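For reference, the structure discussed in these notes is given below.
The values are calculated or read from the model by the stated rules, or taken from the named source; none is laboratory data. Since the model is a prediction, treat every value here as computed from it, not as a measurement. Note that we place each Cβ from the backbone using ideal geometry, even for glycine, and neighbour counts take in every protein chain shown.
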Amino acid sequence: MDENEENGAEREKPRRGRTKRLIILFFIVLIIGAGAGVGSNFIFAKPEAEKATEVAKEEKEEEKAEEKGEEAGEESTRGKPLVSRFNTSQAMSHVFALSEQIGDRPAGSVRASGAADYIVRKMGEYGYTVEEQPLTTTEGFGSRNIIGNRRGTRDGYTLIIGAHFDSPPGSKGAVDDASGVGVVLELARLFADQRLESTLQFVFFGANMPGDGNIENRLVGSRLFVDMLGTMDRKEVIGMISVDCVGQGELLALRTQETGLQRLKAKLTTFARESGVEAVSLKSTSDSDNIPFEDVGIPAVWIEWCDADGSLATDNEYRSVVPEKVETVGALIEDFLYDITPDDLEELKY
């Protein structure tokens, strides 16, 4: 080795020594940092105070975004689900059971009693303790009303949703009115685990149409129900919706006698229009269970599908029931119930 190489080697020794010391120092720092709970972030990461500030800022921004989302949701849904929970298949299963498995069920008949038993059983499955009101038709036949309550958070406000379970004599009554019973049973199922401000009362009327065609002898169940309401109880009823013949027809009609308070009909008509549901407002040309309520001043409306002239020609067979029409009515009522505000409750109370 010449003199220059020897001098270079001598100069390289201190450099290698410093490098070794730096490497050793580096590992010592890592070990100390890991022991302190910060690991390699002690060297490479941002200071913990700065990092905590950024995290807090991000969390605050997320909270603001969530608050805006909740406000927007409340404004658009007023507490109802974003998608209707109404199950058309469930409703149609009730229509099938009443019209095909039980069949024609004229008021006071054994089959009408079987239909009542079916309703009581289903309401029990949904968690309701039902009340039964026995009644007797003008012809001396027995029947009953079936009542299930879902208590609201505010006392003094009750909304009734009802349908009759008997059929026209000699008819399976799939449209009139197994379709209505199917809707009301499905609504009862939906609201069994919900609690609105108003109490919901689901009523299934017996003896809507005894064999006698005389109007004075019809609507036996709903007339008895209204008669059984005391003066104070009537004051708590903010409205009644009769769901009758909702499985077939060209027009969705909201009907009253136009003799009593029209508040409920007006609100339901407006809500249907704002929801994109085409519904027409008609005067009742025939009878449904809204009439006894209107007669004593309780706001009531009959919702049905009918033909263009306001009547309904139907063979009352299950095959004639249109599931989409059943769904339209069920979802409309469901959404309407969720949409009722405290101000609406005060306006509806008569």
Any residue at all in segment 132-147 that's closer than 23 Å to Lys325 by Cα and either assigned to a loop (DSSP other than H, G, I, E, B) or assigned by TED's automatic domain parsing to the domain that holds Phe336 (or both)?
no
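Yes or no: Lys267 of a type in the set (Lys, Arg), more than 23 Å from Arg189 (Cα to Cα) and modelled with pLDDT under 95? Explain how you work it out, then say what you get.
Numbers: of a type in the set (Lys, Arg): yes; more than 23 Å from Arg189 (Cα to Cα): yes; modelled with pLDDT under 95: no.
No; evaluated as a whole, the condition is false for this residue.
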Working only within segment 236-253, note down all residues that are surrounded by 24 or more Cβ atoms within 10 Å (Cβ to Cβ), closer than 16 Å to Pro323 by Cβ and not small (Gly, Ala, Ser).
Val243, Cys245, Val246, Gln248
Exactly one of Asp287, Asp344 is touching a Leu at 6+ places or on another chain (Cβ under 7 Å) and among the acidic types (Asp, Glu), and that one is Asp287
Working only within segment 329-350, note down all residues that are within 25 Å of Cys245 (Cβ to Cβ) and in contact with an Asp or Glu (Cβ under 7 Å, 6 or more places away or on another chain).
Gly330
Cβ pairs under 8 Å, 6+ apart or interchain, first in segment 178-202 and touching a residue at least 40 places away in the same chain (Cβ under 8 Å), second of a type in the set (Asp, Glu) and part of a loop (DSSP other than H, G, I, E, B), ordered by first then second residue, are Gly180/Asp244
Segment 296-313: number of residues that are crowded, with 20+ Cβ neighbours inside 10 Å, of a type outside the set (A, V, I, L, M) and either at pLDDT below 95 or more than 20 Å from the chain's Cα centre (by Cα) (or both)
3
Counting just the residues of segment 95-112 that are closer than 16 Å to Val322 by Cβ and in contact with a Ser or Thr (Cβ under 9 Å, 6 or more places away or on another chain), which one comes out surrounded by the fewest Cβ atoms within 10 Å (Cβ to Cβ)?
Val95
If I go through segment 153-167 residue by residue, how many of them are of a type outside the set (A, V, I, L, M) and either buried (at least 19 other Cβ atoms within 10 Å of the Cβ) or in a strand (DSSP E or B) (or both)?
7
I'd like to check something: does segment 197-216 contain any residue that is of a type in the set (Ser, Thr, Tyr) and farther than 25 Å from Val95 by Cα?
yes
Among the residues of segment 315-350, which ones are hydroxyl-bearing (Ser, Thr, Tyr), surrounded by fewer than 20 Cβ atoms within 10 Å (Cβ to Cβ) and either within 17 Å of Ala253 (Cβ to Cβ) or under 21 Å from the mean Cα position of the chain (by Cα) (or both)?
Tyr338, Thr341
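To keep it simple, each residue is scored yes or no on (1) within 21 Å of Leu261 (Cα to Cα); (2) in contact with an Asp or Glu (Cβ under 7 Å, 6 or more places away or on another chain).
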residue	(1), (2)
Val184	no, no
Ala207	no, yes
Arg223	yes, no
Met232	yes, no
Lone qualifier among Ala178, Ala188, Ala207 - being assigned to a helix (DSSP H, G or I) and either at positive phi or touching a strand residue (DSSP E or B) at 6+ places or on another chain (Cβ under 8 Å) (or both)
Ala188
Quick check on segment 222-233. Is at least one of its residues of a type in the set (Ser, Thr, Tyr), assigned by TED's automatic domain parsing to the domain that holds Pro168, in a helix (DSSP H, G or I) and crowded, with 23+ Cβ neighbours inside 10 Å?
yes
Residue among Asp315, Asp289 that is in contact with a His (Cβ under 7 Å, 6 or more places away or on another chain) and within 30 Å of Gln101 (Cβ to Cβ):
Asp289
